[in-house]
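Trainee: The structure under discussion is supplied below as structure tokens; questions concerning it will follow.
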Amino acid sequence: MSGLILLNSIEEYRHVISGKKLWNNGFTLVEIKKYISEGRLFYACNAGSCVLLYDEKRYFQLVVMDGISAEELREICGIISGNIVCFINDKAQMASRLRELLEEAEFICTERILEYELRDFSCRKASKTGMHIVKNVGNEAEYMQIQTLWQSNRPYMQIPHITIDNIKRWDRRGRLVVLKTAENALIGASCFDTLLDRSTIHHIVVDHEYRGCGLMQELLTEWINAIDACGIKKARAWVAESNMSSRIGFEKAGFKMTSTVSYQFEKNMEEK
């Protein structure tokens with residue numbers, strides 16, 4: 001069995017997945033290209049069966065292709081040190097089969113990920129905190145501050161791997177929102193994307209010293225204002241069930257939990 005093989009181009013990626021069905025792939029082509037450009041997308045093979053692995057620095061995120069057995073998956077996992085995480089959307093076509101495969105391969109379900117949605121944008125409120133929103137940052141020093149903010153505070157929503165290039169890209173596309181105090185101290189940030197008629201917020205964080213002041217609402221309101229101005233009328237977020245501060249924040253902003261749930265399965269190879 002070979003080890004992890006780095007994918008260097010979108011053509012290689014297409015070749016690897018050719019003729020195969022991805023059981024839990026939630027990535028867009030833009031995201032796939034980003035992972036490839038950052039050297040974070042790998043695949044592993046055993047007896048003709050393959051999996052994709054996205055390097056998230058703290059863990060590898062697993063995408064399963066059809067035709068693999070639990071024994072083959074266990075052997076592939078054996079070449080990795082650390083955590084492997086696999087997400088299953090309970091409404092996906094292959095959800096039940098993927099769950100059975102993971103459990104047989106000794107993965108453990110560690111978290112439920114809940115979907116929250118907002119369709120009534122009239123509930124957003126004007127700022128009353130004295131803070132101000134900044135967009136189009138365009139400042140190298142502040143990019144570093146934003147990265148430090150995300151690395152040193154427990155986020156409301158977690159993105160494991162954030163680079164300066166990620167932050168710059170969000171900023172260039174108008175998908176980065178930064179919150180500052182009246183004294184110009186950077187204390188909060190969020191990023192989001194839009195696809196067709198829906199926008200998804202991927203990450204939101206407030207400095208721990210300013211928690212409980214309604215600042216999450218500031219960032220959510222600015223996000224909603226931005227997508228509303230583009231004619232988008234659906235907003236969505238994925239939140240870990242155990243992350244009560246984030247869930248309360250979204251509910252205060254008018255978000256409602258939907259019936260769509262994803263499950264996080266995890267396997268820690270360091271314990272083997």
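The values are calculated or read from the model by the stated rules, or taken from the named source; none is laboratory data. Keep in mind that this is a model prediction, so the values were computed, not measured. Cβ placement follows ideal geometry from the backbone for every residue including glycine, while neighbour counts extend to all protein chains displayed.
Trainee: Would you call residue 52 in contact with a helix residue (DSSP H, G or I) (Cβ under 8 Å, 6 or more places away or on another chain) and within 17 Å of residue 264 (Cα to Cα)?
Mentor: It is true that residue 52 is in contact with a helix residue (DSSP H, G or I) (Cβ under 8 Å, 6 or more places away or on another chain) and within 17 Å of residue 264 (Cα to Cα).
Trainee: Next up: When the residues of region 227-272 are narrowed to those that are surrounded by 15 or more Cβ atoms within 10 Å (Cβ to Cβ) and acidic (Asp, Glu), which ends up farthest from residue 111 (Cα to Cα)?
Mentor: 228
Trainee: If you don't mind, another one. Could you grab the pairs with beta carbons closer than 6 Å, sequence gap of 6+ or different chains, first residue in region 129-149 and under 17 Å from residue 192 (Cβ atoms), second one of a type outside the set (A, V, I, L, M) and in a helix (DSSP H, G or I)?
Mentor: If the second residue must be of a type outside the set (A, V, I, L, M) and in a helix (DSSP H, G or I), the pairs left are 133/222; 137/171.
Trainee: Separate question: Considering 142, 117, which residue is in contact with a Ser or Thr (Cβ under 8 Å, 6 or more places away or on another chain), within 26 Å of residue 220 (Cβ to Cβ) and either at pLDDT below 90 or of a type outside the set (S, T, N, Q) (or both)?
Mentor: Answer to the check: 117.
Trainee: Could you check how many residues of region 41-96 are charged (D, E, K, R) and under 30 Å from residue 259 (Cβ atoms)?
Mentor: Total satisfying the criteria: 5.
Trainee: Separate question: Pull out all pairs, ordered by first then second residue, where Cβ-Cβ is under 8 Å, the residues are six or more apart or on different chains, the first lies in region 246-259 and is closer than 17 Å to residue 112 by Cα, and the second is part of a loop (DSSP other than H, G, I, E, B).
Mentor: 246/156; 246/157; 247/241
Trainee: I'd like to verify a number: residues in region 222-272 that are assigned to a helix (DSSP H, G or I) and within 16 Å of residue 194 (Cα to Cα), how many?
Mentor: Adding up the residues that qualify gives 8.
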